[in-house]
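Notes follow the structure.
The values are calculated or read from the model by the stated rules, or taken from the named source; none is laboratory data. Quantities reported herein were computed from a predicted structural model and do not represent experimental measurements. For neighbour counting, all protein chains shown are included, and Cβ atoms are generated from backbone atoms with ideal geometry for every residue, glycine included. Ligands, DNA and RNA are stripped out before the accessible areas are found, and what is left, the full protein with its side chains, is counted by its heavy atoms. Shrake-Rupley method; radii C 1.70, N 1.55, O 1.52, S 1.80 Å.
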Amino acid sequence: MIAFVIPGLCLLACTASIFLLQRRRRAKPLDYGLQLAIWLSAWMLWQPPALVTAGRHIELDSEDLAGALPVTFAGVKNISLSGVPPGRDALRDLAPVRLDLSNLQVSNTGWGFHWPRQIALGEALQLQIHSEQPLAESARLALVNPYGDIEESLELKAGEKVQAQLSATPKLTGPQLFRVQIENAAGESRFDPLPIVVQEPRQPRVLLWLARPAFESAALSRWLRQSGVAAQVVTQLAPEIVREETLNGLQSIGSQELMAVTSPFHLLILDSDLWPQLSPQQKQQLSALASQKSLLWLVRSDASEDFLHYSAAQSMPLQKAENTKPDTDGFTDLNDQNTDNPATPSLRPLGFQAMQSGPGDFLLGDRENPLFWGRSTDTQHLGFILFSDSHRWLTSGFATEFTSLWKSIFDYQLKHLGTQQPITLSSALPRAQERITLCSPQFIEKHPLLFDSQDKPLSVGGIAANGSPQGQCHNFWARNSGWHQLKTKNSREPPFDFYIFAKDDWPLWQQSLSAIETRQMAAARLGPIDNTHSARVPIARHWPALILLVLVCLSWWRERALLR
């Protein structure tokens, strides 16, 4: 609107001035031209014309980058930056030109800190501290808990490089704000925030569904009870007799909800002999469950052909081998470490071959005739137990080996827990009133909202950005420092808590990060090799103001001449 109002007012005033001059008999063409020039200068004062040829080499202070427009750098070949290192975001928005960093005030502090932003209750918070440059003066660092008590401290001596660690164990769940006290040799102290989110330990809930009692399943059920795993055991004793048992405080789930997507189980251990007893609807549910929960099949040596067809439909076909090895001594755990203990009882393979094993699959024992074949991807979590007689380890004094065997299988099949659809931040130190980029696969279908930690939190919508390997990205600009929550519309997932730092938090670390990012961007943004195009930029406003002043004075002199 203002783009039309100001030119219209200038045109209207110019017309009124010419009309008044026409009523004077002694007015000359010079007077008419003078009025046109005056109001043209007034319009130029509001919108200076692009008359000046842009220079190919300019100097720019890093603090002015936020207000710099890329269009003003058209035709510029080199920009010499001065001041403090500006950081990645400011340079990313800059025009694609070559950068000269010789005038930057780069500090060689070399400070670096690292700590986990999310830990489980009972885990230790470990703050890693390092400095690539020798310290200029001695200092004392202390880790302070949210209640103001010092958990651990260390002394840093001048002239030495730092490679140290401070640790503490949080006592409560939820967002916790620890602090790091840094005291120099003069006794001056500052406190920098150390935020973490303490989560409840995620204990997997297991369903053990058996077609008939067996020694192997009985040993597995007893191990689940002794391990403290919340589980439900369903055993078919007879065609019309089913025994249900819950372990470690888990509430019993009805038979109709055992295979539902909303069931509380993370791992379903099923008997292959159950396959003929399942209804067509339950068989269809199994195909969908493998993408959201983990399925683990206890395969019998006499597994039916229908079950083998099911495994082939899941791209994990099993085939009965004619010649199999009779015994396999020991086993291979998840880290591919052999337990070459000759006294360990052997496991008897069932004689199945893994026909289409992938490079990321977990094959325990012999790859041709494995004892276990598991696959855990973004779309499938499926495993087949292809051995028996592990229950003999419990009765032979090898309970530790039994635990290690089943734990390696469970760890692989449940490795997707807590890692689906992560949310990643673009910066280790997200700061208030600066751009913060958050990426997640769940943002592809759901729009995220940012909430601050005030008494009356206000939602801030993000701006969709280019995607990344971490998923769809959104940019946010947080107004204040402190705890913030990221939520998605119509989502049952818990909100994502993260901390926004103030401008003056971690000053030495900020200088180190900015210096690294500036050097990286200067190496990446080489700009055009040769640009012969000579662009133009607007003239400075003081020139139209000077012209307007001269013209007004000249008009006043002519007015005095006409009045005589």
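Diffusion coefficient (Stokes-Einstein, Kirkwood radius over C-alpha pairs, 20 °C, 1.002 mPa s) for segment 371-436: 139 µm²/s, rounded to a whole number.
Do me a favour and compute the ellipsoid semi-axes for segment 373-480 from its Cα gyration tensor, root of five times each eigenvalue, largest one first, whole Å.
On the way: eigenvalues 415, 54, 24 Å².
Ellipsoid semi-axes (Å, largest first): 46, 16, 11.
With all projection directions averaged, the alpha carbon convex hull of segment 170-217 covers 6.7 nm². Note on T262: accessible area approximately 120 square angstrom, rounded to 10, probe 1.4 Å, nucleic acids and ligands left out. Measuring with a 1.4 angstrom probe and ignoring ligands and nucleic acids, R225 comes out at about 110 Å² accessible. The distance from the alpha carbon centre of segment 102-168 to that of segment 227-246 is 52 Å, rounded to a whole number.
Annotation: M355 carries an accessible surface of approximately 90 Å², with a 1.4 Å probe and no ligand, DNA or RNA atoms counted.
Mind listing which GluC sites (Glu not before Pro) in segment 373-452 are in a DSSP loop and have 13 or fewer other Cβ atoms within 10 Å?
E445
Once Rg and the Kirkwood radius are both taken over the C-alpha atoms of segment 171-328, their ratio Rg/Rh works out to 1.22. Residue by residue, segment 38-50 carries 3J(HN,Hα) couplings of 4, 6, 5, 5, 5, 5, 5, 5, 7, 9, x, x, 7 Hz when phi is fed to the Karplus relation 6.51 cos²θ - 1.76 cosθ + 1.60 (θ = phi - 60°); x denotes Gly or Pro. Per residue, the Cα convex hull of segment 105-216 amounts to 177 Å³.
Karplus-based coupling profile of segment 367-379, in residue order and whole Hz: 5, 6, 10, x, 8, 8, 10, x, 9, 10, 10, 5, 10, with θ = phi - 60° in 6.51 cos²θ - 1.76 cosθ + 1.60 and x standing for Gly or Pro. Sequence-ordered 3J(HN,Hα) estimates for segment 292-304 from the Karplus curve with 6.51, -1.76 and 1.60 and θ = phi - 60° stand at 10, 10, 9, 10, 10, 9, 8, 7, 8, 5, 9, 4, 6 Hz, glycine and proline given as x. The chymotrypsin sites (Phe, Trp or Tyr not before Pro) of segment 135-204 meeting both criteria, a DSSP state outside H, G, I, E and B (loop) and at most 13 other C-beta atoms within 10 angstrom of the site's C-beta, are Y147.
I'd like to know which of L386, T437, Q413 lies farthest towards the positive end of the charge dipole of segment 370-479, counting +1 on Cβ of Lys and Arg and -1 on Cβ of Asp and Glu. The residue sitting farthest along the positive end of the dipole is T437.
A Förster radius of 45 Å combined with the Cβ-Cβ distance from D411 to A185 puts the calculated FRET efficiency at roughly 0.40. With 31 Å as the limit on Cα-Cα distance, the pairs of K171/K446; K157/K415; K283/K489; K161/K407; K320/K415 that go past it are K171/K446; K157/K415; K283/K489; K161/K407.
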